[in-house]
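Report on one structure; see the data block that follows.
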Amino acid sequence: MHIALAPMEGVVDHLMRDMLTRVGGFDLCVTEFIRVVDQLLPPRVFYRLCPELHTGGKTLAGVPVRVQLLGQDPGCLADNAARAVELGSPGIDLNFGCPAKTVNKSKGGAVLLKETDSLYNIVHAVRQAVPPTQPVTAKMRLGFEDKSLAIDNALALEAAGASLITIHARTKVEGYNPPAYWDWIARIKQHVKIPLVANGEIWSAEDAVLCQQQSQCQAIMLGRGALSLPNLAAVIKQQSGPMSWEEVRQLLTRYSGYEIYGDKGKYYPNRIKQWLGYLKRQYVEADALFAQIRAMQSSEQIVEALQQP
Ligand SMILES: Cc1cc2nc3c(=O)[nH]c(=O)nc-3n(C[C@H](O)[C@H](O)[C@H](O)COP(=O)(O)O)c2cc1C
């Protein structure tokens, strides 16, 4: 069974990818999206969002990390895709799911799901620019306002040369609200031949089984579920038990070490609160810890609170 860690802007950065892939069970990570507007971005932008390019495009635990691009200009996306692959990204993922509004007159993400031709043109241009040995994959939602173009869009991505499509089984308008319509992935699967990866609302091993049954897909991608239960991928794959709170606390402490001494010291208080927000779903202790550190602004204070037994 193939399990990917979902790209999550502002949440799943290289530190989180390192932590979660060390915990285990993941076969692939995708970076937060890199927005492409009208220029070839300098290498430093790719290295900032994907420092794993310095280590062969893999996390330290050895899991490949694929660069994700978001934009609307086929030629410019193609140039940036070629650069990312040259720098060591194992293929390219294209974002057709981001709900954010148009920025600087540039479209990108889910809004393109209204324009099947644009999806085709982007994937086709990127496919031409990237060596045939490297996969070009796409991540889509079921639609923007409704699901009427879901199958046509997936067919266009396939015809343009995508080697795989991850489907977040909701429209843009449905946001992140349950349910995810896994059965729609099975519908799409009846029309396309390339592999599909099912994504959305998998919080437990039971959800994973249901999702696999309803989507008819073996491969899945985990987002918020992996943040609320850090060993969810291993729980699903190896029937491991859920991580204990004590183990989670050690993970949080390790994360604090990374964040404070890494490049994000100033973001640490917010980052840890954000992660606890996800952990609260699985661990009552996270709720208590969150309440305790809520008002704290200093990293040192938070680390102290974390280290109390
Ligand atoms: C905070 C946040 C940031 C996200 N950033 C991205 C992103 O950069 N690229 C992308 O393709 N999807 C992004 N997503 C969508 C997730 O990859 C995933 O499709 C979605 O959360 C559904 O999966 P889940 O129910 O397992 O969380 C983001 C989601 C969240 C909640």
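The values are calculated or read from the model by the stated rules, or taken from the named source; none is laboratory data. This is a predicted model, so every value here is computed, not measured. Note: ideal-geometry Cβ built from the backbone for every residue, glycine included; neighbour counts use all protein chains shown. Note: areas computed on protein heavy atoms with side chains; ligands, DNA, RNA excluded. Shrake-Rupley method; radii C 1.70, N 1.55, O 1.52, S 1.80 Å.
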Region 276-309, subset outside any helix (DSSP H, G or I) and of a type in the set (A, V, I, L, M), residue least open to solvent (accessible area, probe 1.4 Å)
296
In region 178-205, anything within 15 Å of residue 147 (Cβ to Cβ), open to solvent by 50 Å² or more (accessible area, probe 1.4 Å) and within 11 Å of the ligand (Cβ to nearest atom) is listed as 179
Residue hits (region 101-119; open to solvent by less than 80 Å² (accessible area, probe 1.4 Å), modelled with pLDDT of 80 or more and either within 16 Å of the ligand (Cβ to nearest atom) or of a type outside the set (Val, Ile, Thr) (or both)) are 107, 108, 109, 110, 111, 112, 113, 115, 118, 119
If residue 6 passes every condition in (1) open to solvent by 30 Å² or more (accessible area, probe 1.4 Å); (2) within 16 Å of the ligand (Cβ to nearest atom); (3) modelled with pLDDT of 95 or more; (4) under 25 Å from residue 277 (Cα atoms) but one, which one does it miss?
(1)
Does residue 155 count as in a helix (DSSP H, G or I) and within 15 Å of the ligand (Cβ to nearest atom)?
no
Scan region 166-173 and tell me whether some residue there is farther than 16 Å from residue 109 by Cβ, within 18 Å of the chain's Cα centre (by Cα), without any contact (Cβ under 8 Å) to a residue 60 or more places away in the chain and within 10 Å of the ligand (Cβ to nearest atom).
yes
